[in-house]
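Student: The structure is given below, and queries will be raised subsequently.
The values are calculated or read from the model by the stated rules, or taken from the named source; none is laboratory data. Since this is a predicted model, take the numbers as computed values, not measurements. Neighbour counts are summed over all protein chains in view; Cβ atoms, including those assigned to glycine, are modelled from backbone coordinates with ideal geometry. Ligands, DNA and RNA are stripped out before the accessible areas are found, and what is left, the full protein with its side chains, is counted by its heavy atoms. Shrake-Rupley method; radii C 1.70, N 1.55, O 1.52, S 1.80 Å.
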Amino acid sequence: MTETDVVVIGSGVIGASVALELARGGRSVVVVDKGPAPGAGSTSASSSIIRYSYSTPDAVLTAWESAAKWRDWSGHLGVDDPEGMARFVPSGNLLLRTVGWDGSTVMALWDEIGIPYETFDAAQLRARFPGLDVGRYYPPKRIDDPAFADDATGELTAFYNDDSGYIDDPMLAAHNLAHAAAHHGAELRFRTAVTSIEQRDGRVTGVTLDGDDSISVPVVVNVGGPHSGIINAMAGVDGEMKIRHRPLRQEVYAVPAPPGFRLEDGGPFLADLDVGLYFRPQAGGTLLVGGTEPECDPLEWIEDPDDFDELPSVELFETYMLRLARRLPEFGVPSKPVGLAALYDASDDWVPIYDRSGLDGFFMACGTSGNQFKNAPLAGQFLRALVDAADAGIDHDAEPVQFTGPLTGRTIDLGAFSRLRQPSVTSGTVMG
Ligand SMILES: Cc1cc2nc3c(=O)[nH]c(=O)nc-3n(C[C@H](O)[C@H](O)[C@H](O)COP(=O)(O)OP(=O)(O)OC[C@H]3O[C@@H](n4cnc5c(N)ncnc54)[C@H](O)[C@@H]3O)c2cc1C
């Protein structure tokens, strides 16, 4: 039987980051992933957008601090991956202000933290982004709604942050983190599933793996992405969670970008809660298009994360495409869906859970709600801070760990990501 200091379950972008930070801290780490490679789970489907438009100070700071690490990726990792390095691609982030979401909370937080932005009225928006229809169509509608084709009821304003962008290859980013973790001594085991969490007297003692192997270990971190609910249930800590997290099916499409919105045009990434979409440029003259959970689109909760339809549906594809055509009138709707379906691990308030649990030695980084790729660098450091605190006898539930952001020197209250928190007030969507 293997013995180690920590087992990290999952080698997605967040699991690999947790493994790196714990290994950097001098612990012996074994990463166990049932998939074939780092980032092959939900990370591989990520739109990997880097933005700062969250509803709470801790979330904005986490994204802003993490972005500095993406920009200096080699410096953050300390070692280059022979398979190549993921790259931050600047694209800017245009956020349309509408009835249901006017962005005022975000702008107030950006003012407070010093995140720069510009504001645009409708005329300025038209001048800066000539291909954009600046009409207000709120609320988002289904295409079978007779009001779908109604004229605009006014014009939108917007704000824009130039420091946003995306990571060109999310799976490679996870590989880079896993490679750096291995460089610091972490052992990576793929095609190996954790099947149970062993415990005695309220403490973790080990994990059992498929094939009847096992590891004796006092600290386990659950970073199982959409499977993390199952793993929390294995550990018997699901009952204490005040915040639920569940797999939620999402579709993302790759479509031809009209002029002005291609990668070579410089972006932008657009958040459009007025029609219920986001899109960002990517290589090959295409846009990646996803949804923002408008009320009219039913949420597709999934019982078993190993059993869901991975192909995009024609109905949702048509809905997204016609919404996109509304916003970008020069967009030519493709005849066939090209895209994928994947799972978020969505929490009740769309804020992640980075926390300990009532089972000593069992930690979790889950409920990442379709918006935590960007925060992987800090999420790893948060989990290390939580494990260190527990080692030092600090009860994070009673005395929440405070994390100092190295870029801003500001404090991030890790209690904001507690499984026991009151739900945070957020947009109630993937925007967080
Ligand atoms: C379609 C989509 C678009 C997104 N877009 C963005 C975006 O633009 N910006 C952003 O910031 N975030 C985005 N996200 C969210 C972000 O990608 C995720 O939060 C992040 O990738 C989660 O990483 P993870 O390491 O927690 O989980 P995962 O990448 O899902 O990894 C979990 C791993 O755990 C393994 N595992 C599960 N169960 C077991 C077990 N029992 N034993 C061993 N291994 C196990 C799996 O094999 C898997 O590899 C998006 C997500 C999706 C799905």
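Student: Within the stretch 167-196, can you find the residues that are open to solvent by 10 Å² or more (accessible area, probe 1.4 Å) and either within 11 Å of the ligand (Cβ to nearest atom) or assigned to a strand (DSSP E or B) (or both)?
Tutor: Passing the criteria: 170, 171, 187, 188, 189, 190, 191, 192, 193, 194, 195, 196.
Student: Follow-up question, since we're still on this one. What single numbered condition from (1) modelled with pLDDT of 95 or more; (2) more than 9 Å from the ligand (Cβ to nearest atom); (3) touching a helix residue (DSSP H, G or I) at 6+ places or on another chain (Cβ under 6 Å) fails to hold for residue 64?
Tutor: (3)
Student: How many residues, within the stretch 385-432, are away from the ligand (no atom under 16 Å from the Cβ) and in a helix (DSSP H, G or I)?
Tutor: Going through the stretch 385-432, the residues away from the ligand (no atom under 16 Å from the Cβ) turn out to be 385, 387-416, 418, 420-425, 428.
Right, trim to in a helix (DSSP H, G or I) and you get 385, 387-391, 414-416.
Number of matching residues: 9.
Student: Oh, and also: Only residues that are open to solvent by 10 Å² or more (accessible area, probe 1.4 Å) and closer than 14 Å to residue 328 by Cα: list them for the stretch 259-274, please.
Tutor: 259, 260, 262
Student: Something else now. Being of a type outside the set (S, T, N, Q) and buried (at least 19 other Cβ atoms within 10 Å of the Cβ) is the filter here, so list the residues in the stretch 275-286 that pass it.
Tutor: So in the stretch 275-286, the residues of a type outside the set (S, T, N, Q) come out as 275-281, 283-285.
Result: 275, 276, 277, 278, 279, 280, 281.
Student: Pick from 332, 361: which is on the phi > 0 side of the Ramachandran plot and away from the ligand (no atom under 12 Å from the Cβ)? Steps first, answer last, please.
Tutor: Numbers: 332 fails: on the phi > 0 side of the Ramachandran plot.
Exactly one of 332, 361 is on the phi > 0 side of the Ramachandran plot and away from the ligand (no atom under 12 Å from the Cβ), namely 361.
Student: Moving on to the next point. Here are some residues: 383, 420. Which one is of a type in the set (A, V, I, L, M, F, W, C) and crowded, with 20+ Cβ neighbours inside 10 Å? Walk me through how you get there before you give the answer.
Tutor: Values: 420 fails: crowded, with 20+ Cβ neighbours inside 10 Å.
After applying the criteria, what remains is 383.
Student: Mind listing whichever residues of the stretch 364-376 are of a type outside the set (S, T, N, Q) and either away from the ligand (no atom under 11 Å from the Cβ) or out of contact with any His (no Cβ under 6 Å at 6 or more places or on another chain) (or both)?
Tutor: Listed by number, the residues that qualify are 364, 365, 370, 373, 374, 376.
Student: Output the number of the condition that residue 72 fails; it satisfies all remaining conditions of (1) free of Cβ contacts under 8 Å to residues at least 60 places away in the same chain; (2) within 13 Å of the ligand (Cβ to nearest atom).
Tutor: Among (1) free of Cβ contacts under 8 Å to residues at least 60 places away in the same chain; (2) within 13 Å of the ligand (Cβ to nearest atom), residue 72 violates only (2).
Student: May I pose another question? Anything in the stretch 94-130 that is modelled with pLDDT of 95 or more and small (Gly, Ala, Ser)? List them, or say none.
Tutor: Selection gives 103, 104, 108, 114, 122, 123, 127.
Student: So is residue 332 surrounded by 22 or more Cβ atoms within 10 Å (Cβ to Cβ) and either under 20 Å from residue 416 (Cα atoms) or modelled with pLDDT under 95 (or both) or not? Quick ask: steps written out before the conclusion?
Tutor: Numbers: surrounded by 22 or more Cβ atoms within 10 Å (Cβ to Cβ): no; either under 20 Å from residue 416 (Cα atoms) or modelled with pLDDT under 95 (or both): yes.
Against the criterion (surrounded by 22 or more Cβ atoms within 10 Å (Cβ to Cβ) and either under 20 Å from residue 416 (Cα atoms) or modelled with pLDDT under 95 (or both)), residue 332 does not qualify.
Student: Return yes when residue 352 is under 21 Å from the mean Cα position of the chain (by Cα), within 12 Å of the ligand (Cβ to nearest atom) and at pLDDT below 95 and no when it is not.
Tutor: no
Student: Could you list all residues from the stretch 1-48 that are of a type in the set (Asp, Glu), surrounded by 21 or more Cβ atoms within 10 Å (Cβ to Cβ) and either at pLDDT below 95 or more than 9 Å from the ligand (Cβ to nearest atom) (or both)? Even if it seems obvious, please write down each step before you answer.
Tutor: Quick first cut of the stretch 1-48, residues of a type in the set (Asp, Glu) only: 3, 5, 21, 33.
Imposing the further condition that a residue be surrounded by 21 or more Cβ atoms within 10 Å (Cβ to Cβ) reduces the set to 21, 33.
Once the filter is applied, which keeps residues that are of a type in the set (Asp, Glu), surrounded by 21 or more Cβ atoms within 10 Å (Cβ to Cβ) and either at pLDDT below 95 or more than 9 Å from the ligand (Cβ to nearest atom) (or both), the stretch 1-48 yields only 21.
Student: Would you please name the residue that is farthest from residue 297 (Cα to Cα), looking only at residues in the stretch 140-166 that are in a loop (DSSP other than H, G, I, E, B) and within 16 Å of the ligand (Cβ to nearest atom)?
Tutor: The selected residue is 163.
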